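Worksheet for the structure shown next.
Every number in this text was worked out from the coordinates using simple rules, so none of it is lab data. Computed from a predicted structure; not experimentally measured. Quick reminder, even Gly has a Cβ in these numbers, built from the backbone with ideal geometry, and neighbours come from all protein chains shown.
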């Protein structure tokens, strides 16, 4: 399950920020890619409760780098309007996808109960 969550978040972050999915897992230190990895790490850790080590392994980074992302995201949110906008937009998109998934599961459950 965690791999599917990681892939889903990776796809949304990449799509919303207009970057290649492979760039998210690269070693590049370009600011836009670091910010993308920071958002990815925060959402996976805070929203889906994925461990820092698991996130680091998925991103081909070290756990201390993911820890750095998680500690410094608050600073970026408070001081960087563009970053805040991107973060909120991605979080909203993920919440919408989760809501649609939940609604589909509820419909499927109702249909399976009706068939019995």
Find the residue count for the range 77-90, including only residues that are surrounded by 13 or more Cβ atoms within 10 Å (Cβ to Cβ) and either in a helix (DSSP H, G or I) or in contact with a helix residue (DSSP H, G or I) (Cβ under 6 Å, 6 or more places away or on another chain) (or both). 7
Among (1) closer than 22 Å to residue 17 by Cβ; (2) part of a helix (DSSP H, G or I); (3) over 13 Å from the mean Cα position of the chain (by Cα), which single condition is residue 105 missing? (1)
Are any residues in the range 59-76 over 12 Å from residue 42 (Cβ atoms), in contact (Cβ under 8 Å) with a residue 12 or more places away in the chain and loosely packed, with under 14 Cβ neighbours inside 10 Å, and if so, which ones? 60
Under the condition of being free of Cβ contacts under 8 Å to residues at least 12 places away in the same chain and part of a loop (DSSP other than H, G, I, E, B), which residue from the range 3-38 is surrounded by the most Cβ atoms within 10 Å (Cβ to Cβ)? 28
